[in-house]
Amino acid sequence: MRKLVYYVAVSIDGFIAGPSGEFDFYPEAPDMVEYLRAEFPETMPSHIRPAIGLADTPNKRFDTVLMGLNSYRPGLEAGLTSPYAHLKQYVVSSSLPEIDDPAVTLVRSDPAALVRSLKEQPGEGDLWLCGGGLLAGALLPEIDELVLKRYPVVAGGGVPAFAGGFRPRPFAPVETLTFSHGGTVTTYRPVG
């Protein structure tokens, strides 16, 4: 069975974006960038893959991406209706009227049922939950693994990694890698 993996950048204080959706405040380190490109090449948007030497790089981990409206919106505002054309794409939104691209499926409700169905289907890889916080909160019971790219910066406010009701769910770290700027990539799996 395929896994749902929440692979996301997060600040020290637990925010994945600023109050207006900003995500350009994360400090980069060349060794972390190189690691992420090598281990998660399919998480790079289709339009930048050729410019960073990943044009012909096969998907390594994921074959499907799920995103909330605010994760999809930056690409849409740049005229990119299919930001991850190399993956199966699902956008979960009850307010988006339509998506004018047959490569992207709009899901209006019940993202948990969608995830359970996708997990049962054959595929070449796992399911990548790329954000946002509301969708991650709704899918918390379905998450099989967390891969948190924690950057050494305090955001002070913004979009939390998980939004919604208080529903504690324990996870245990299984691997942590530390990079030159103090940032980490930690993989967690559910406990129990």
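If you average the sequence gap of Cα pairs under 8 Å that are 6 or more apart and divide by the length of segment 4-184, what percent do you get for the contact order?
Details: 311 pairs, mean separation 67.8, N = 181.
Rounded, it is 37 percent for segment 4-184.
Express the C-alpha Rg of the chain as a ratio against the empirical globular expectation 2.2 N^0.38 Å, rounded to two decimals. In units of the globular-protein estimate, the chain measures up at 0.98.
Mean residue ellipticity at 222 nm, helices only, the chain: -5500 deg cm²/dmol; runs of at least 4 DSSP H residues each add -39,500 (n - 2.57), and the sum is divided by the number of residues.
For Lys149, the lysines whose Cα comes closer than 18 Å to its Cα, not counting residues fewer than 8 places off in the same chain, are Lys60.
Among the trypsin sites (Lys or Arg not before Pro) in segment 1-106, those located in a DSSP loop and surrounded by at most 13 other Cβ atoms within 10 Å of their own Cβ are Lys60. Two numbers describe the Cα atoms of segment 1-58: Rg and Dmax, which are 13.4, 36 Å.
Bear in mind these aren't lab numbers, they're just calculated from the coordinates by the rules spelled out. Here the structure is a predicted model, which means the values were calculated and not measured. Reconstructed Cβ throughout: ideal geometry from the backbone, glycine too, with neighbour counts over all protein chains shown.
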